[in-house]
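Enquirer: This is the structure I have questions about; it appears just below.
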Amino acid sequence: LEEEGLVERRACAEDARATLAVLTPDGLARVVGAAPGHVAEVRDRVFDALDARDVADLHRVCSRILERLGPQGLGGP
């Protein structure tokens, strides 16, 4: 992706051991272009098979997982 100019590497200010992959403008354009097809595929393969109660259960479970991961998704509160 970096060779294609879609992302660039940046140092992480919060953790010197980490390197961030940051979307370039071309990378963002690629994501935006892919989004409608991606959304349609997820709806077809996942949500069309679920009823309202299933979706509510999925939301509840995913919310608990996200709470455990913390605000930065790093595994802590």
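Enquirer: In Å, what Kirkwood hydrodynamic radius results for region 1-54 from the alpha-carbon pair distances?
Expert: Radius from the Kirkwood sum: 13.7 Å.
Enquirer: Which of ARG45, ARG60, ARG17 moves most in a GNM of the chain, Cα contacts under 10 Å?
Expert: Of the options given, ARG17 has the highest mean-square fluctuation.
Enquirer: Hey, another quick one. Among ALA52, THR19, ILE65, whose Cα projects farthest towards the positive end of the dipole of the chain, with charges put on the beta-carbon of Lys, Arg (+1) and Asp, Glu (-1)?
Expert: Of the candidates, ILE65 comes out farthest on the positive side.
Enquirer: A follow-up question, please. Please give the length that would be gained between ARG45 and GLU14 if that part of the chain were fully extended, namely 0.36 nm times their separation in residues minus their C-alpha to C-alpha distance (nm, one decimal).
Expert: 7.4 nm
Enquirer: Right, another one. Between helix 52-69 and the chain, what is the angle of the helix's C-alpha long axis to the longest principal axis, kept within 0 to 90° and rounded to the nearest 10?
Expert: 40 degrees
Enquirer: Where does each of THR19, THR24 land when they are ordered by accessible area, with a 1.4 Å probe and the largest first?
Expert: Highest to lowest solvent-accessible surface, that is THR19, THR24.
Enquirer: May I ask you to derive the relative contact order of the chain, considering only C-alpha pairs under 8 Å and at least 6 residues apart, and to give it as an integer percent?
Expert: So the answer I get is 16 percent.
Enquirer: Okay, next question. Could you report the accessible area of ASP51 in Å², rounded to 10, computed with a 1.4 Å probe on the protein chains as they sit in the structure?
Expert: It works out to around 90 Å².
Enquirer: Once both axes come from the Cα atoms, what is the angle between helix 25-45 and the longest principal axis of the chain, in degrees from 0 to 90, rounded to 10?
Expert: In the chain, helix 25-45 runs at an angle near 20 degrees to the longest axis.
Enquirer: Based on Cβ point charges of +1 for Lys and Arg and -1 for Asp and Glu, what charge dipole magnitude is obtained for the chain about its Cα centre, in debye rounded to the nearest 20?
Expert: 300 debye
Enquirer: For a quick check, take a GNM of the chain with Cα springs below 10 Å and name the residue from LEU50, LEU20, LEU28 with the largest mean-square fluctuation.
Expert: Evaluated over the chain, the most mobile residue of the options is LEU20.
Enquirer: A follow-up question, please. Report the calculated FRET efficiency for LEU1 and ARG64 (r = Cβ-Cβ distance, R0 = 30 Å), to the nearest 0.05.
Expert: After rounding, the FRET efficiency stands at 0.40.
Enquirer: Something else now. I want the local charge near GLU4. Using Cβ-Cβ distances under 12 Å, sum +1 for each Lys or Arg and -1 for each Asp or Glu among the other residues.
Expert: Cβ neighbours under 12 Å give a net charge of -3.
Enquirer: Within the chain, what's the longest stretch lacking GluC sites (Glu not before Pro) that sit in DSSP loops with no more than 15 other Cβ atoms inside 10 Å?
Expert: Looking at the chain, 15-77 is the longest stretch - no exposed GluC sites (Glu not before Pro) with at most 15 other Cβ atoms within 10 Å.
The values are calculated or read from the model by the stated rules, or taken from the named source; none is laboratory data. Note that the coordinates shown come from a computational prediction; the quantities given were computed from them, not determined experimentally. A quick note on method: Cβ atoms are made from the backbone with ideal geometry, for glycine too, and the neighbour counts reach across all protein chains shown. Only protein heavy atoms, including side chains, enter the accessible area calculation; ligands, DNA and RNA are left aside. Shrake-Rupley method; radii C 1.70, N 1.55, O 1.52, S 1.80 Å.
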